[in-house]
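Please read the structure below before turning to the comments.
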Amino acid sequence: MTVPRRLTLENLAQLLEHRGLITPQQSSEITTKGKAQESRLFASLQSGAARRGQHGVDSITPMEVIASFNLEIKGSAGKYLTEDAITEALAAAVSMPYLKIDPLKLSLDVVTAHIPRPFALKNQIVAVGETDGVITVAVADPFNAAIVNELAEARRLDIRRVLSSKGDILKILREFYGFRASVVAAESESSAAVDLGNLEQLFKLKGQQEVESSDKHVVSAVDFLLQYAFDQRASDIHIEPKREKSLIRFRLDGVMHNIHNIPKQLHAPIISRIKLMARMDLAEKRRPQDGRIKANFKSKDIELRVSTVPVAFGEKVVIRIFDPDILLQDLDSMGFYPRELALYNSFIRRPNGIILVTGPTGSGKTTTLYSTLRSLSSPEVNIVTVEDPIEMVMEEFNQIGVQQAIGVGFDTILRNILRQDPDVIMIGEIRDRETAENAVQAALTGHLVLSTLHTNDSVSSIVRLLDLGVPSFLISATLVGIIAQRLVRKICPHCRQERELTHDERDYLQLGRKPRMVWEGEGCKECRGTGYKGRTGIFEVLEMTDRFKARITASADLADLMVLAREDGLVSLRQAAIRKMLEGATTYAEVVAMTG
Ligand SMILES: [Zn+2]
C-alpha cells in the first residue's frame, strides 16, 4: 500500500485495514458512516464546551472520528481502537516515531520556551524534549511538515518530529501553558508593581478578600497545579522551598516524582494562596499549621488536607489529596482473600467489642476504616469518629476532631462521647493508656469500637496493649480481632512479563526448590515506565478464638502467641504478599520491600 500524502477518513481507514487492525467490513462502515459520525461528534463537543464555558473545537481529526466508533482491534481480545492506537499505527505507516506523551516527563521550560501558545494550539503541536540543541516536537498530523519547517526557519531551531495523538497534545498545551502563563504573569507583575518581599505586608493591609481577587495569576497557578495533581491521581503534593528555587513534587502510587521548578520569589505568594484557601493564619510562618480545602474535580468532591512546616529555606507545604474513590472502597475490592474477608466481615457485624487495624503510616489503614464505617452506615446506626485530625469529612458520620490547642484531646472527647449515644465508635489511633482504657470502656458498655495501632503485625498489637497498661483479662474480654495491613504496587497489566525466580530469590522467600514463575512490568507508556499501576492491600487477619484469648496473660510472650495464631490458621502478611506475587498481582521487589 502506498503511503497517503494527506489525512482523510478514507485513507486512514484503508491504512488501518492494511495494517490488520480492522476488518474490511469495518473499514467500509467507517467510510460510509464517517461523515455523519463526524457531524454528530462535532455537535456534541461544541455543546459540551459551551456548557463548560469554553471555546468550542475547530475541527475533528479522522483519528477522533474513527476512535469514536469504539471498534475492537481485530484479534486483540478486548483492546479498543483508541485515538492512541490509531496514532501509533499511523506513525508506523509513515515511519515516524510515535510518542505517548507523559506529562510527568516533560519540562515546563521546554514545552513553553520555543513555540508560542497560539501557534501551538492552531497547529496542534507541542515541544516535548530537547537534546543537544535538537528540539523534539510532537505533531498530530504527520503530513503537515510545512508548519514545522516554518517554525524551524523562523526561530532558527533544529527540530525532530514525532507523532502523538491530538488529545495528548491539547492536554499538554492546556496544562503547561496555563501554568506557565500564570507563573510568568505573576512573576512579571509582582516584580514590577509589588515587591514580593512585601507581599505579605500587602496581604495584611488589604485583607483577604481583595488579595484573592487581585492576585489572579497566583490564584490560577494554584488552580492549575491542583487540577494537574487530580488528573495524575497523585496522593500528595509537596511544595518545597530550596535555596534558589521552589520544587513541586507529587506522590503517585506511593513514590515521589519531581514535577516543576518554580522561581523562588513565587514560593511565598503560592504558599500564601494555599494557606488562604485552607483558612490558615497567613502571618504565622514559624509554627506548623493544618488546614483543609474542599475542591471539586469532574463533579467529584475532593478533600485536601494542607499542612505547613517551616524548613531551612521557608515554609514547606504538603497537600494530601483524599480522593473518595480511593478512600471509600467496597471491602471486597481492597485485596482481601476470601477467608480473611469473611473473618473481617464477621468482626464488623458484632454488636460490640474492639477491632484493631494496624500497620505503619501509609499502609492504607484509613481506607480500611472509612470503607468499613461506610459499609456499616445506615439510618439506624449512629457512627461517631474521634480523629486527629479528621481525615476526610463524611456527612454520614459524626466526626469529632481532636483539638489539642484548646485542651480537647482524645481522652476528653472519649469521656463524653458515650452520652452521644453512639453504636459504632471509630478512634483515630490508640496512642496512650487513657485512650486504650476509654476504648475498652466503650466496648464493655455495648459499643463496637474500631481503631488503629502503630504496630508491624497483628499479634504484636496484643503485646502493645499490655505495654500500654491494659489488663490482660480486659483485652480478652473486649478484643474481637486484629488486622495488619500493607499496600503493594500492582504490576502494570499492559507490560507485564513472566520470569523465573532465581535460586537466591527463592531462598530468600523460603519457597523451596521448585522453580517458580513471577511477573514484572517492563515499563510502558501506560505506567510511565514504572512497570506498576495502582496498589492493592495485603492483609493479615487475626481472630480472637477462645483458645487464643485464654493465652493472653500479663506475661504473654510474643513468640508463643505467634505460634498459637499460626495454629489457629493465621496467614501472615508475608505469606499473603508471596501469594499475591505468585498470582502475578505484584513483584518480587515489592514483596521484599514490604517484608524487608
Ligand atoms: Zn506498563
Confirm whether V541 is outside the structural domain of T445 (by TED's automatic domain parsing), of a type in the set (A, V, I, L, M), closer than 27 Å to E590 by Cα and assigned to a strand (DSSP E or B). no
Among the residues of segment 471-512, count how many are open to solvent by less than 30 Å² (accessible area, probe 1.4 Å), touching a strand residue (DSSP E or B) at 6+ places or on another chain (Cβ under 7 Å) and more than 30 Å from L448 (Cα to Cα). 4
Flag if D301 is closer than 26 Å to K105 by Cα and open to solvent by 10 Å² or more (accessible area, probe 1.4 Å): no
Give just the number: which of (1) at pLDDT below 95; (2) within 16 Å of the ligand (Cβ to nearest atom) does I491 not satisfy? (1)
Checked segment 526-562 for anything open to solvent by less than 80 Å² (accessible area, probe 1.4 Å), of a type in the set (K, R) and within 16 Å of the ligand (Cβ to nearest atom); matches are R528
Going through (1) part of a strand (DSSP E or B); (2) farther than 30 Å from A436 by Cα one by one, T586 fails only at (1)
In segment 326-377, how many are within 16 Å of D457 (Cβ to Cβ) and assigned to a loop (DSSP other than H, G, I, E, B)? 5
For segment 343-368, name all the residues that are open to solvent by 40 Å² or more (accessible area, probe 1.4 Å) and among the basic types (K, R). R349, R350
What residue, among those in segment 495-525 that are within 11 Å of the ligand (Cβ to nearest atom) and in contact with a Lys or Arg (Cβ under 8 Å, 6 or more places away or on another chain), is nearest to S572 (Cα to Cα)? E520
Given the options D467, D432, name the one that is free of Cβ contacts under 8 Å to residues at least 12 places away in the same chain, open to solvent by 20 Å² or more (accessible area, probe 1.4 Å) and out of contact with any Leu (no Cβ under 6 Å at 6 or more places or on another chain). D467
Could you tell me whether P389 is at pLDDT below 95 and in contact with a strand residue (DSSP E or B) (Cβ under 9 Å, 6 or more places away or on another chain)? yes
In segment 399-410, anything of a type in the set (A, V, I, L, M, F, W, C), within 29 Å of P379 (Cβ to Cβ) and either assigned to a strand (DSSP E or B) or open to solvent by 40 Å² or more (accessible area, probe 1.4 Å) (or both) is listed as I400, V408
Mind listing whichever residues of segment 515-536 are in a strand (DSSP E or B) and within 17 Å of V255 (Cβ to Cβ)? E520, G521, Y532, K533, G534, R535, T536
How many residues of segment 313-346 are over 25 Å from the mean Cα position of the chain (by Cα) and either without any contact (Cβ under 8 Å) to a residue 12 or more places away in the chain or assigned by TED's automatic domain parsing to the domain that holds S375 (or both)? The answer is 8
Selection count where residues are closer than 19 Å to L170 by Cα and buried (at least 18 other Cβ atoms within 10 Å of the Cβ), scope segment 73-90: 7
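This table checks each residue for (1) of a type outside the set (A, V, I, L, M, F, W, C); (2) in contact (Cβ under 8 Å) with a residue 24 or more places away in the chain.
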residue: E17; (1), (2): yes, no
residue: L21; (1), (2): no, yes
residue: Q25; (1), (2): yes, no
residue: S44; (1), (2): yes, no
residue: S47; (1), (2): yes, no
residue: S76; (1), (2): yes, no
residue: E83; (1), (2): yes, yes
residue: L104; (1), (2): no, yes
residue: D109; (1), (2): yes, no
Segment 59-72, subset open to solvent by 30 Å² or more (accessible area, probe 1.4 Å) and in a loop (DSSP other than H, G, I, E, B), residue nearest to Q14 (Cα to Cα): F69
Go through segment 95-118 and give me each residue that's hydrophobic (A, V, I, L, M, F, W, C) and surrounded by 14 or more Cβ atoms within 10 Å (Cβ to Cβ). M96, L99, I101, L104, L106, L108, V110, V111, I115
M581 passes all but one of (1) within 16 Å of the ligand (Cβ to nearest atom); (2) open to solvent by less than 30 Å² (accessible area, probe 1.4 Å); which number fails? (1)
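The values are calculated or read from the model by the stated rules, or taken from the named source; none is laboratory data. Predicted model, so just to flag it, every value in this text is computed and none were measured. Please note: Cβ atoms are built from the backbone with ideal geometry, for glycine as well, and neighbour counts cover all protein chains shown. Surface accessibility is based on the protein's heavy atoms, side chains included, excluding ligands, DNA and RNA. Shrake-Rupley method; radii C 1.70, N 1.55, O 1.52, S 1.80 Å.
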